[in-house]
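First up is the structure itself, then whatever we jot down about it.
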Amino acid sequence: MAISSSSLPPRDHLLHTAIRLFSIGGFDGVSVNDIVAAAGVNKRMVYHYFKSKALLYQEALFYAFSELAKFEKEAVAQAVSLEDAVRKLVRVYFDFPRQHPQFSRLLRWENLNEGKGIKDSHFPLSKDHVVKFLRAAIKRDAPRHCWRSDLEAKQLLITIIGICQVYISHRYTLSQGLNFDLGSPAAIKRGMANAEHFLLAGMRKNSTDT
């Protein structure tokens, strides 16, 4: 989903323009001159509203991260069990990158940059809201479900994200190597089903788990 910023207030217009450009070239590949030229504004506006390119980039990351957090919070708020939460989060991590490609690319650029842009960031980036729900759900559901005794919220979330994100982060190379378009509707549908199956199976106790 493309960001339309033409009718936004000047500050928001600059921010959305920066998100679009940073998602294409990353922090190092975009200059303040690039941003103001694309936004059609005076260079002084960047420093007036954001103080520096680094702070503008931090806020762009925070905006993208916050948009994803909205989907995550909605998913866990609606979940009635740990299993339901896993299924809903799988859908979030498959759907969000396709619905908001600019945000997803921006977050991938920051990982390529080894997180340097968010080091000592003025804007908190946290998944505590999801981890807290998963931790409580694991504890609450344990007496009624055969979950593994070592099931842990943070590791569970990492695994969910990893299984889902490979369809975006490695789409083109895997599509070439497997001669199979990972971005096709059929592949996405099958991928979500497989993710749910393997995640839930891996969460359950096996015969050797004591």
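The values are calculated or read from the model by the stated rules, or taken from the named source; none is laboratory data. As the structure is a computational prediction, the values presented were derived from the model and not from experiment. Heads up, the Cβs are rebuilt from the backbone with ideal geometry, glycines too, and the neighbour counts pull from every protein chain shown. Heavy atoms of the whole protein, side chains included, go into the accessibility calculation; ligands, DNA and RNA do not. Shrake-Rupley method; radii C 1.70, N 1.55, O 1.52, S 1.80 Å.
Cβ-Cβ contacts under 6 Å between residues 6 or more apart (or on different chains), taken from a first residue in region 110-132 that is within 19 Å of residue 51 (Cβ to Cβ) to a second residue that is among the hydroxyl-bearing types (Ser, Thr, Tyr), are listed as 117/57. When 43, 53, 127 are checked against the criterion of being touching a helix residue (DSSP H, G or I) at 6+ places or on another chain (Cβ under 9 Å) and under 22 Å from residue 155 (Cβ atoms), 127 stands alone in meeting it.
Screening 19, 24 for residues that are open to solvent by 60 Å² or more (accessible area, probe 1.4 Å) and of a type in the set (Val, Ile, Thr) leaves exactly one candidate, 24. Assuming residue 72 fulfils every condition listed in (1) free of Cβ contacts under 8 Å to residues at least 60 places away in the same chain; (2) closer than 19 Å to residue 166 by Cβ; (3) open to solvent by 20 Å² or more (accessible area, probe 1.4 Å) apart from one, which condition is it? If we test residue 72 against (1) free of Cβ contacts under 8 Å to residues at least 60 places away in the same chain; (2) closer than 19 Å to residue 166 by Cβ; (3) open to solvent by 20 Å² or more (accessible area, probe 1.4 Å), just (3) comes out false.
Kindly indicate whether residue 54 is touching a residue at least 24 places away in the same chain (Cβ under 8 Å), more than 30 Å from residue 184 (Cα to Cα) and open to solvent by 40 Å² or more (accessible area, probe 1.4 Å).
Taking the combined requirement at face value, the residue satisfies it.
Filtered by the rule that a residue be under 30 Å from residue 142 (Cβ atoms) and either under 11 Å from the mean Cα position of the chain (by Cα) or not in a helix (DSSP H, G or I) (or both), region 67-87 gives 68, 69, 70, 71, 72, 79, 80, 81.
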